[in-house]
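Engineer: There's a structure below that I have some questions on.
No value in this document is a laboratory result; all are computed from the given coordinates. None of these values were measured; they are calculated from a predicted model. When we count neighbours, we look across all protein chains shown, and the Cβ atoms used for this are built from the backbone with ideal geometry, even at glycine.
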Amino acid sequence: MLSEQSAPVVKETLPVVGAAIEEITALFYQKLFEARPELLRDLFNRGNQANGEQRQALAGSIAAFAGMLLDHPDARPDAMLARIAHKHASLGVTSDQYKIVNEHLLTAVADVLGEAVTPEVAAAWDEVYWLMANALTAVEARLYEQHGTPEGGTWQAMRVVARHQETPDTLALTLRPADGTPARAFRPGQYVSVQAELPDGARQIRQYSLSSAPGAPEWRITVKRVRAAAGPAGEVSSWLHEEARVGEVLAVSAPFGDLTLPDGEGPLLLASAGIGGTPMLAMLHHLAAADSARRVVVVHADRSPADHAHRDELRRLVGTLRHGSLHLWYEEAEHRAATDGVGPAPAVVSAGLGELPLPDGVTAYLCGPLPFMRSLRGDLLRRGVAPRAVHYEVFGPDLWLAQQ
Ligand SMILES: Cc1cc2nc3c(=O)[nH]c(=O)nc-3n(C[C@H](O)[C@H](O)[C@H](O)COP(=O)(O)OP(=O)(O)OC[C@H]3O[C@@H](n4cnc5c(N)ncnc54)[C@H](O)[C@@H]3O)c2cc1C
Ligand code: HEM
């Protein structure tokens, strides 16, 4: 909760800080990376810095947090804090780094807003920062403790024990701890961070959902190669496609992520598009292994059957469920009728869920591009599904989180 003296100051200055927040965070990152270039080389995603996405995510989360402190002083945006803390812990962020971020962020606020930043205003925003930072570090400390590692220390050497080109653009890598022990269990829907040692000496880190059975002794990640289009080719996905051969050892984090499937009896909708099918596979492996009696409606959209990674595995898994149904939708028109045996999905990408029957009390898990998830979420809410029953994973900085 904000102190009595800071609350009115934050209230008064939130509109001006909010209006300038993108400028503030741009300057903040510039200052941070000038002072600490190794953070951009080895910790932050330089692709997201170049395309501005991370900037928007950070700005959005701070503005949302400050707004919430004012409007609902007793509430805590737990979902937002958990999402950020899981991401931070997967990257190995440590509590001492919060001081560095604080210093450069508050200097950026003062530089952008000039004389408006009186000592009183600076102190009030410092308080907002530390309320958020302390909430995050508390969750991060718990996560590190759960993994039994010191702060930032969940990295483990994992050997590539199998590699399979799933589709022209997707590669499945099976990983096992290099010391030969079994990979640890994870919760279905979780991801790991993977380090790439790039040719220019940078260590870049990206997240990949675990697409295998949660209790198996090996992990599997499925990586889509980001090809050059509007921007350059993706650095880490291209590197993994080219360099991660059988026998190579990669530094991989412990499993993280809070978009996981809780145990229960209720019906489920698992809806994904493209590479967003990876967390759903782990969930389906989990449900199949437990011989679950839940009703599970699975919807997947892809460009074409040939582009659909783990297509046969998906069909097999849904087929083994007691009450599972699979609905596939392919963008390329010639494949739409050819769903052989499984129910066709409505045009989920362009038109949402259409008339697809959904069980009462369904809990939905969505993963795919933002427009896809936005359309499905809108449909679900219109059909009476409660907002708290709609969960989603974004394969990038979550620009949506702060906007809901
Ligand atoms: C929780 C989570 C789970 C994920 N799970 C998976 C998964 O299971 N499978 C999977 O394949 N991916 C997954 N991802 C995405 C993955 O982490 C990477 O984001 C993805 O592989 C792309 O990384 P990259 O290094 O190849 O691309 P990057 O190099 O990071 O590039 C990303 C984008 O930025 C653009 N860009 C880069 N530099 C510039 C520039 N200078 N100007 C303009 N644009 C630029 C690129 O063109 C590209 O479009 C997941 C992400 C998250 C957060
Ligand atoms: C109160 C302080 C902080 C806030 C509000 C904050 C907020 C965020 C947010 C919103 C994201 C995006 C999460 C997502 O949706 O994926 C993020 C990611 C990240 N944060 Fe923080 N963060 C803070 C402190 C720090 C610190 C101290 C570090 C370490 C120096 C750090 C490093 C990172 C990195 C490396 C990422 C991932 C970047 C990327 O993928 O582009 N953050 N943070």
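Engineer: Once the Cα gyration tensor of the range 168-231 is found, what semi-axes does its equivalent ellipsoid get, as square roots of 5 times the eigenvalues, in whole Å, sorted largest first?
Structural biologist: Each semi-axis is the square root of five times an eigenvalue, giving 24, 16, 10 Å.
Engineer: Can you put 173, 39 in order of Cβ neighbours within 10 angstrom, beginning with the fewest?
Structural biologist: So the ranking, lowest neighbour count to highest, is 39, 173.
Engineer: Roughly how compact is the range 38-113, stated as its Cα Rg over 2.2 N^0.38 Å to two decimals?
Structural biologist: In units of the globular-protein estimate, the range 38-113 measures up at 1.21.
Engineer: Mean-square fluctuation check for the chain, GNM, Cα pairs under 10 Å: which of 217, 188, 15 is largest?
Structural biologist: Sorting by GNM fluctuation, first place goes to 15.
Engineer: Starting from 0.36 nm per residue, how many nanometres of slack lie between residue 178 and residue 246 once their C-alpha separation is accounted for?
Structural biologist: Gain in length upon complete extension: 23.3 nm.
Engineer: While we're here: To the nearest 0.05, what FRET efficiency results for residue 115 and residue 11 with a Förster distance of 25 Å applied to their C-beta separation?
Structural biologist: The pair residue 115/residue 11 has a calculated efficiency of 0.80.
Engineer: If you don't mind, another one. By counting other Cβ atoms within 10 Å of each Cβ, how are 4, 23, 393 ranked from fewest to most?
Structural biologist: With the fewest neighbours first, 4, 23, 393 line up as 4, 23, 393.
Engineer: Among 87, 11, 99, which comes first, then next, by fewest other beta-carbon atoms within 10 Å?
Structural biologist: Arranged by neighbour count, lowest to highest, 87, 11, 99 become 99, 11, 87.
Engineer: With everything on Cα atoms, drop me the angle between helix 278-289 and the longest principal axis of the chain, reported from 0 to 90° to the nearest 10.
Structural biologist: That helix lies at roughly 50 degrees to the long axis.
Engineer: Taking 0.36 nm per intervening residue step and subtracting the Cα-Cα distance, what contour gain separates residue 79 from residue 94 on full extension?
Structural biologist: Stretched out fully, the residue 79 to residue 94 stretch lengthens by 3.4 nm.
Engineer: Net charge near residue 137: determine it from the other residues with C-beta under 13 Å of the C-beta of residue 137, scoring Lys and Arg +1 and Asp and Glu -1.
Structural biologist: With Lys, Arg at +1 and Asp, Glu at -1, the neighbours total -2.
Engineer: Sticking to Cα atoms, compute the Rg of the chain to one decimal and its Dmax as the biggest Cα-Cα distance, whole number, in Å.
Structural biologist: Considering the chain through its Cα atoms, Rg and Dmax are 22.1, 68 Å.
Engineer: Could you give P(r) for the range 6-146, binned at 5 Å from zero, as whole percent values over all Cα-Cα pairs?
Structural biologist: 2, 9, 19, 23, 22, 15, 8, 2, 0, 0
Engineer: Also, quick follow-up: Treating cross-link reach as a plain straight distance, find the lysines whose alpha-carbon is under 27 Å from the alpha-carbon of residue 99, omitting any fewer than eight places away in the same chain.
Structural biologist: Straight-line reach from residue 99, under 27 Å: 11, 31, 87.
Engineer: 222 nm [θ] for the chain, helices only, -39500 (n - 2.57) per DSSP H run of 4+, per residue, to 500?
Structural biologist: Taken over the chain, the calculation gives -13500 deg cm²/dmol.
Engineer: Could you state the angle between the C-alpha long axis of helix 6-35 and the longest principal axis of the C-alpha atoms of the chain, as a value from 0 to 90 degrees rounded to the nearest 10?
Structural biologist: Helix 6-35 and the main axis of the chain meet at about 70 degrees.
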